[in-house]
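J.: Can you keep this structure in mind? I'll have questions shortly.
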Number of protein chains: 2
Amino acid sequence: MSMVQSPRTRVVVIGAGFGGIEAVRGLAGAAVDITIIDSRNHHLFQPLLYQVATASLTPSDIAWPIRFLFRGRPEVSVLMATATGIDTARRLVMLKGLDPVAYDMLIIATGARHSYFGHDDWEQFAPALKTLEDATTIRRRVLTAFEQAEAEHDPARQEMLLTFAIVGGGPTGVELAGAIAELARDTLKRDFRHIDTRETRIVLVEAGPRLLPAFVPEQSAFAKAALERLGVEVALGEAVTLCDANGIVRGDERIAAATVIWAAGVQASPAAEWLGVPADRAGRITVEPDLSVPGHPEIFAIGDTVSIAAPGGKPVPGIAPAAKQAGRHAAKAVRARLAGETPAPFRYHHDGSLATIGKRRAVIDFGWIRLSGALAWWIWGIAHVFFLIGVRHRLAVAMSWLWIYLRNQRASRLITQTEPGEAGEPPPG
Amino acid sequence: MSMVQSPRTRVVVIGAGFGGIEAVRGLAGAAVDITIIDSRNHHLFQPLLYQVATASLTPSDIAWPIRFLFRGRPEVSVLMATATGIDTARRLVMLKGLDPVAYDMLIIATGARHSYFGHDDWEQFAPALKTLEDATTIRRRVLTAFEQAEAEHDPARQEMLLTFAIVGGGPTGVELAGAIAELARDTLKRDFRHIDTRETRIVLVEAGPRLLPAFVPEQSAFAKAALERLGVEVALGEAVTLCDANGIVRGDERIAAATVIWAAGVQASPAAEWLGVPADRAGRITVEPDLSVPGHPEIFAIGDTVSIAAPGGKPVPGIAPAAKQAGRHAAKAVRARLAGETPAPFRYHHDGSLATIGKRRAVIDFGWIRLSGALAWWIWGIAHVFFLIGVRHRLAVAMSWLWIYLRNQRASRLITQTEPGEAGEPPPG
């Protein structure tokens, strides 16, 4: 498929996150043949992933088959494959186990994944939240901890099973802590006989001096107070120095926790290595103002795998709206090159920052106005339902949330894909 | 928890399938403490499992946390644990990794799992459909086969990837074949660029002379014709003699298929071995007329792990309504023993047999009336939505089905939990 000469310009997009999807959308009607490559078959609405991890939504509520999104675009091919490198001289994307795919123009939207700051061995004890598999892994561990606590006779071990440590006080950490608190205090409170799930200990650990550093200090303080009202312990100003099977160490303090979730750091995809271009400490490519890769006007890189300054010098944040804007810009830049024009520089417009704390509180910073509280939560909910792709998913998510809001019940309290060797493993054979 | 003396009679139920759940329900208000033990945290509506395997429903549409079902019953404890044996002398249920649980009366509802008739090595090539994990495994394999076919250059290999063999012509095999045919011909037809999914080959292999042997021959013939109209090849009268990585062998014929699904045989749980009582060839305990285990008036066994004759001498079928009736009977028998009375014999009442073929055809045999066709499909759909537990799940399932009916779209076309070494594996690290 890829080696056949095509009379039309071949645009290849690697990655079907917010940036890659928006780039393909932006090329609708252009005289190009597009191949979009992703190692998964689905586009994921990552901002709601924490709700899958905490049993509020089901994976298919927030994920869509990539080829379904482009079923009406015959010039778009979707290839489920893992990119392993780029041959810039021959203009080929190398794939694992498949023939390379040739491009005339390339858009790299390979995103980022979590980083353990050099402690990759912590991952087994403290899973992070980037993929659907991560979310169902965390969901299984959280729900299994309650099940094991119910069967446990040793009080110390029971306490450890009922302790959840979340590392990282950004939006993901805050949202996970709030959701686990509500799961324990509301959803599960009538379901157990030997433990009181309302006594669950949830510790949110942040190395910096406040939660949600992208917000103003007043909103950080609001988030801390709102979490504490939900019963979350917020531990600031001290980094985690160890994760193991018994919990975490924070400064001199050991927190005995059977469940640890990592929401602390991200590392860009290896795209900079593929291209042999310089990268910052987080592995991000420093791109030209038009988002092209230095020395490669035929290659654009967007989203969490690049580093670029917004007007005013602040870095463009690693959030979905920024990746979508960059994807739209990359499509325009490709069109400009096709027309023999010089692409305009990318100008990021910051629409606002949102984070939610449990089911009735949120903080929003639109720049021109800041909201903290119940109204912000309603705006957050409506905005997220609005941005979900497809009528059916909007309805399904809205229905799930309505159910949780009214009844404290959650759609997806399933423990599946048990890890080998864990208690609760299904019987062999 | 278990070793503490309780003044109330302790009833232990092993297994939270249809039989176990109904037994606990039937004991509502009785002066007993109940512990229900299951290796999963959820009760599963197995009759719709094939719809999860074929991307129509999502796992949480058809599964409920067991403890959620009994949250209003303080005398019911739910224990997520794997039973490994029964000490009938000391009246203890042995558990993997946990202390034994003591009982005064025991209800065994451990069900059955698939059987490969002595060829357990076939399982890796031909997964069967009993658990949610089985369903998501089959869903992943079916959807990945289409993805791999799209990327494949070798026509023979592509044909093999687009061939699906289903072994076993009972309701599960018929339902899977019809659903995969509609997935290929309707849902996916506009989504691929290099393959025509309408040319997918689906072969349903049955060793016996007709499909759906529990129905009358006219309905078997109707099902065969309806499947053939959907493009399914029905191959009768010859058993499968080999399953391997390249497909199956049926008599002298090799069918090259990348995806094989096993819907052929079941084997009872090892409960007969635990008790040291005689079992039939499928491992089922032959119980007394009141469903008690011979020699153990304090132990009842119900559902797919037992063999019992219905009035007229035919065996009670391994279907959900039969398990539920037996569960209700076991609860009554326990109440009778508590009152010092002799339990009545179990009388199975057969309400009917149902099987569906794709999204517009079904066969129903109520005994007094037989229906084949579109009306039967509507009755099937309404009956299944009605029997689903909980308003929310009924709505969610009804909405998913409406969507498929009107738009041919499916909620759950997600490929997750990729098997190591398979193409499409997520990038490591």
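J.: I'm trying to understand the selection: among the residues of the stretch A:103-115, which are within 14 Å of chain B (Cβ to nearest Cβ) and hydroxyl-bearing (Ser, Thr, Tyr)?
T.: Scanning the stretch A:103-115 gives A:Thr110, A:Ser115.
J.: In the stretch A:264-278, which residues are open to solvent by 30 Å² or more (accessible area, probe 1.4 Å) and touching a Ser or Thr at 6+ places or on another chain (Cβ under 9 Å)? It would help to see each step written out before you state the result.
T.: So the first thing to find is which residues in the stretch A:264-278 are open to solvent by 30 Å² or more (accessible area, probe 1.4 Å), and the list is A:264, A:266-267, A:270, A:273-274, A:276, A:278.
Scanning the stretch A:264-278 gives A:Ala264, A:Val266, A:Gln267, A:Pro270, A:Trp274, A:Gly276, A:Pro278.
J.: Going by what's in this entry, would A:Ile389 be described as among the hydrophobic types (A, V, I, L, M, F, W, C) and farther than 26 Å from A:Lys224 by Cα?
T.: Details: among the hydrophobic types (A, V, I, L, M, F, W, C): yes; farther than 26 Å from A:Lys224 by Cα: yes.
Against the criterion (among the hydrophobic types (A, V, I, L, M, F, W, C) and farther than 26 Å from A:Lys224 by Cα), A:Ile389 qualifies.
J.: While we're on this one: Can you pull out every residue in the stretch B:76-102 that is surrounded by fewer than 21 Cβ atoms within 10 Å (Cβ to Cβ) and more than 9 Å from chain A (Cβ to nearest Cβ)?
T.: Result: B:Gly85, B:Asp87, B:Thr88, B:Ala89, B:Arg90, B:Arg91, B:Leu92, B:Met94, B:Pro100, B:Ala102.
J.: Now a separate question. From the list B:Arg328, B:Arg281, B:Arg337, which one is in a loop (DSSP other than H, G, I, E, B) and open to solvent by 10 Å² or more (accessible area, probe 1.4 Å)?
T.: On the way: B:Arg328 fails: in a loop (DSSP other than H, G, I, E, B); B:Arg337 fails: in a loop (DSSP other than H, G, I, E, B).
Exactly one residue qualifies, and that residue is B:Arg281.
J.: So, in the stretch A:367-378, exactly how many residues are among the small types (Gly, Ala, Ser) and surrounded by fewer than 20 Cβ atoms within 10 Å (Cβ to Cβ)? Don't jump to the end; show me each part of the working.
T.: Taking the stretch A:367-378 first, the residues among the small types (Gly, Ala, Ser) are A:367, A:372-374, A:376.
So of that shortlist, the ones also surrounded by fewer than 20 Cβ atoms within 10 Å (Cβ to Cβ) come out as A:367, A:373-374.
Result for the stretch A:367-378: 3.
Conditions (1) of a type in the set (Gly, Ala, Ser); (2) more than 28 Å from A:Thr88 (Cα to Cα); (3) touching a Gly at 6+ places or on another chain (Cβ under 7 Å); (4) not assigned by TED's automatic domain parsing to the domain that holds A:Arg90, marked per residue:
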| position | (1), (2), (3), (4) |
| --- | --- |
| A:Pro278 | no, no, no, no |
| A:Asp290 | no, no, no, no |
| A:Pro297 | no, no, no, no |
| A:Ala322 | yes, no, no, no |
| A:Val334 | no, no, no, no |
| A:Ser353 | yes, yes, no, yes |
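J.: Which of the residues belonging to the stretch B:140-162 are hydrophobic (A, V, I, L, M, F, W, C), more than 25 Å from B:Leu129 (Cα to Cα) and open to solvent by 20 Å² or more (accessible area, probe 1.4 Å)?
T.: Taking the stretch B:140-162 as the starting set, the residues that turn out to be hydrophobic (A, V, I, L, M, F, W, C) are B:142-143, B:145-146, B:149, B:151, B:156, B:160-162.
Now restrict to residues that are more than 25 Å from B:Leu129 (Cα to Cα): B:151, B:156.
Scanning the stretch B:140-162 gives a single hit, B:Ala156.
J.: So, one more: Hey, does the stretch A:104-115 have a residue that's out of contact with any helix residue (DSSP H, G or I) (no Cβ under 9 Å at 6 or more places or on another chain) and within 26 Å of A:Arg335 (Cα to Cα)?
T.: yes
J.: OK, next. What residue, among those in the stretch A:293-307 that are within 22 Å of the chain's Cα centre (by Cα) and open to solvent by 30 Å² or more (accessible area, probe 1.4 Å), is farthest from A:His384 (Cα to Cα)?
T.: Among residues in the stretch A:293-307 that are within 22 Å of the chain's Cα centre (by Cα) and open to solvent by 30 Å² or more (accessible area, probe 1.4 Å), the one farthest from A:His384 (Cα to Cα) is A:Ser307.
Residue by residue, here is whether (1) in a loop (DSSP other than H, G, I, E, B); (2) surrounded by 15 or more Cβ atoms within 10 Å (Cβ to Cβ); (3) not assigned by TED's automatic domain parsing to the domain that holds B:Arg284 holds:
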| residue | (1), (2), (3) |
| --- | --- |
| B:Glu175 | no, yes, yes |
| B:Phe192 | yes, yes, yes |
| B:Leu204 | no, yes, yes |
| B:Pro213 | yes, no, yes |
| B:Thr241 | no, no, yes |
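J.: Within the group A:Ala344, A:Ala309, A:Ala374, which residue is outside the structural domain of A:Gly15 (by TED's automatic domain parsing) and free of Cβ contacts under 8 Å to residues at least 40 places away in the same chain?
T.: Numbers: A:Ala344 fails: free of Cβ contacts under 8 Å to residues at least 40 places away in the same chain; A:Ala309 fails: outside the structural domain of A:Gly15 (by TED's automatic domain parsing).
After applying the criteria, what remains is A:Ala374.
J.: Just to verify a result, which residue in the stretch B:379-421, among those that are open to solvent by 50 Å² or more (accessible area, probe 1.4 Å) and not in a helix (DSSP H, G or I), is modelled with the lowest pLDDT?
T.: So in the stretch B:379-421, the residues open to solvent by 50 Å² or more (accessible area, probe 1.4 Å) come out as B:379, B:382, B:386-387, B:391, B:394-395, B:402-403, B:405-407, B:420-421.
Now narrow it down to the ones that are not in a helix (DSSP H, G or I): B:420-421.
On the way: B:Pro420: 47, B:Gly421: 42.
Here the residue is B:Gly421.
J.: Let me ask something else about it. Please specify each residue of the stretch A:117-139 satisfying the condition of being out of contact with any Ser or Thr (no Cβ under 7 Å at 6 or more places or on another chain), surrounded by fewer than 22 Cβ atoms within 10 Å (Cβ to Cβ) and either without any contact (Cβ under 8 Å) to a residue 40 or more places away in the chain or within 11 Å of another protein chain (Cβ to nearest Cβ) (or both).
T.: Within the stretch A:117-139, A:Gly118, A:Asp120, A:Asp121, A:Glu123, A:Gln124, A:Lys130, A:Thr131, A:Asp134, A:Thr137 meet the criteria.
J.: Looking only at the stretch B:355-367, count every residue that is within 21 Å of B:Ala322 (Cα to Cα) and either modelled with pLDDT of 90 or more or of a type in the set (Gly, Ala, Ser) (or both) and tell me the total. Spell out the reasoning first.
T.: Here is the first cut: in the stretch B:355-367, the residues within 21 Å of B:Ala322 (Cα to Cα) are B:355-356, B:362-367.
Cutting the leftovers down to either modelled with pLDDT of 90 or more or of a type in the set (Gly, Ala, Ser) (or both) gives us B:355-356, B:362-365, B:367.
Counting residues in the stretch B:355-367 that are within 21 Å of B:Ala322 (Cα to Cα) and either modelled with pLDDT of 90 or more or of a type in the set (Gly, Ala, Ser) (or both) gives 7.
J.: Could you tell me which numbered condition A:Thr144 fails, if it satisfies all but one of (1) within 10 Å of chain B (Cβ to nearest Cβ); (2) not small (Gly, Ala, Ser); (3) not in a helix (DSSP H, G or I)?
T.: (3)
J.: I've got another one for you. Can you pull out every residue in the stretch B:1-14 that is at pLDDT 95 or above, open to solvent by 10 Å² or more (accessible area, probe 1.4 Å) and either farther than 14 Å from B:Ala336 by Cα or out of contact with any strand residue (DSSP E or B) (no Cβ under 6 Å at 6 or more places or on another chain) (or both)?
T.: B:Arg10
J.: I need the strands (runs of 3 or more DSSP E) fully contained in the stretch B:24-112, keeping only those with at least 1 residues that are farther than 28 Å from B:Arg141 by Cβ. Before the answer, list the steps.
T.: Numbers: elements: B:32-38, B:42-44, B:63-65, B:76-80, B:83-87, B:92-95, B:98-102, B:105-108.
Correct list: B:32-38, B:76-80, B:83-87, B:92-95, B:98-102, B:105-108.
J.: Those residues that are open to solvent by 60 Å² or more (accessible area, probe 1.4 Å) and over 30 Å from B:Leu402 (Cβ atoms), I need them from the stretch B:345-366; list them, please.
T.: Across the stretch B:345-366, the qualifying residues are B:Pro345, B:Arg347, B:His349, B:His350.
J.: Hey, another quick one. Within the stretch A:190-215, how many residues turn out to be within 23 Å of A:Cys243 (Cα to Cα) and among the small types (Gly, Ala, Ser)?
T.: Selection size over the stretch A:190-215: 2.
J.: Quick test for you: out of B:Arg71, B:Arg67, pick the one residue that is within 14 Å of chain A (Cβ to nearest Cβ), without any contact (Cβ under 8 Å) to a residue 40 or more places away in the chain and surrounded by fewer than 24 Cβ atoms within 10 Å (Cβ to Cβ). Please lay out each step first, then the result.
T.: Working: B:Arg67 fails: surrounded by fewer than 24 Cβ atoms within 10 Å (Cβ to Cβ).
Selected residue: B:Arg71, the only one of B:Arg71, B:Arg67 that is within 14 Å of chain A (Cβ to nearest Cβ), without any contact (Cβ under 8 Å) to a residue 40 or more places away in the chain and surrounded by fewer than 24 Cβ atoms within 10 Å (Cβ to Cβ).
J.: Identify, from the list B:Met94, B:Met105, the residue that is within 26 Å of B:Ile37 (Cα to Cα) and touching a Gly at 6+ places or on another chain (Cβ under 8 Å). If you could, list the steps in order and put the result at the bottom.
T.: Details: B:Met105 fails: touching a Gly at 6+ places or on another chain (Cβ under 8 Å).
None of the others qualify; the one that does is B:Met94.
J.: So in the stretch A:177-203, with the set limited to residues that are of a type in the set (D, E, K, R) and in contact (Cβ under 8 Å) with a residue 40 or more places away in the chain, which one is nearest to the other protein chains (Cβ to nearest Cβ)?
T.: A:Arg193
J.: For the stretch A:355-370: of the residues being without any contact (Cβ under 8 Å) to a residue 60 or more places away in the chain and in contact with a strand residue (DSSP E or B) (Cβ under 6 Å, 6 or more places away or on another chain), which is nearest to A:Gly173 (Cα to Cα)? Talk me through it step by step, then tell me what you get.
T.: If we filter the stretch A:355-370 for residues that are without any contact (Cβ under 8 Å) to a residue 60 or more places away in the chain, which is where we start, we get A:360, A:362, A:364, A:366-369.
The next check asks that each one be in contact with a strand residue (DSSP E or B) (Cβ under 6 Å, 6 or more places away or on another chain); those that pass are A:362, A:364.
On the way: A:Ala362: 14, A:Ile364: 16 Å.
Filtering first and then ranking leaves A:Ala362.
J.: How many residues does the stretch B:248-263 contain that are touching a residue at least 60 places away in the same chain (Cβ under 8 Å) and in contact with a Ser or Thr (Cβ under 8 Å, 6 or more places away or on another chain)? Show your work before the answer.
T.: Going through the stretch B:248-263, the residues touching a residue at least 60 places away in the same chain (Cβ under 8 Å) turn out to be B:248, B:255-263.
Then keep just the ones that are in contact with a Ser or Thr (Cβ under 8 Å, 6 or more places away or on another chain); that gives B:255-259, B:263.
The qualifying residues number 6.
The values are calculated or read from the model by the stated rules, or taken from the named source; none is laboratory data. Everything numeric here is computed off the predicted structure, so don't read it as measured data. Neighbour counts are summed over all protein chains in view; Cβ atoms, including those assigned to glycine, are modelled from backbone coordinates with ideal geometry. These accessible areas exclude ligands, DNA and RNA; they are computed on the full protein's heavy atoms, side chains included. Shrake-Rupley method; radii C 1.70, N 1.55, O 1.52, S 1.80 Å.
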